[in-house]
Amino acid sequence: MPPSDIPGDNRRVKFNIDSGTSMSCPHVAGAAAYVKSFHPDWSPSAIRSSLMTTADYMKFLCDIGLDDKQIRLISSGQKSSCPKGSARGSPRDLNYPSMAAQVEDGKSFSCKFPRRVKNVGQANSTYKASIFPRTKFDIKVVPSVLSFERLHGEKSFDVVVNGNGLPVNSFVSTSLV
């Protein structure tokens, strides 16, 4: 079996990788069952939200270069149009738990990651942001404290990262707790 669909690719391999929606389904089902084991009272939509969080995938599709026609194919014909100018988004705008940014080697940088969270803990809860481990970069969470009066209340915050000159081909990892 050839490892690609490229004409003239005469390589052969003894294995095959199954991918696509048929293979993602068992993985997502397992993740959903894991979440459900901790929160048996959650609805399927709450579990989905906890796995995906919220994301404006339309802006993301525009940002990776799809045009209105291509987006309509993906979105079952929904009318949509890509925002123009400063309204365009970035992958860092996706409300995912992980955050990543590509910066130029050796240059100063500033990145802002907007996030939105829902309180699934107790009502009248307060959460204070901490960064571990400390890095040489200036990392701020604004606001650094979120107080929820009720269960399922929602709040927004920004993670702002400023730094100077990463060495070539390096990366930094830290955690927001």
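Values computed for the structure shown
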quantity	calculated
Helices (runs of 4 or more DSSP H) contained in region 29-141 and holding at least 1 residues at pLDDT 80 or above, farther than 30 Å from Asn169 by Cα and not assigned by TED's automatic domain parsing to the domain that holds Glu154	44-52, 68-74
Flag if Ser147 is closer than 30 Å to Ser43 by Cβ, at pLDDT 85 or above and of a type outside the set (Val, Ile, Thr)	yes
Near pairs, Cβ below 6 angstrom, 6+ apart or cross-chain, from region 154-165 (among the β-branched types (Val, Ile, Thr)) to any residue that is surrounded by 14 or more Cβ atoms within 10 Å (Cβ to Cβ)	Val159/Phe113; Val159/Val141; Val160/Lys112; Val160/Lys140; Val161/Cys111; Val161/Phe137; Val161/Ile139
Tabulated pairs, region 95-121, first loosely packed, with under 15 Cβ neighbours inside 10 Å, second part of a loop (DSSP other than H, G, I, E, B) and among the aromatic types (Phe, Trp, Tyr), C-beta under 7 angstrom, 6+ apart or interchain	none
Matching residues, region 151-166, being assigned to a strand (DSSP E or B) and buried (at least 17 other Cβ atoms within 10 Å of the Cβ)	Phe157, Val159, Val161, Gly163
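The values are calculated or read from the model by the stated rules, or taken from the named source; none is laboratory data. The structure displayed is predicted, hence computed values, not measured ones. So basically every Cβ, Gly included, is an ideal-geometry build from the backbone, and we count neighbours across all protein chains shown.
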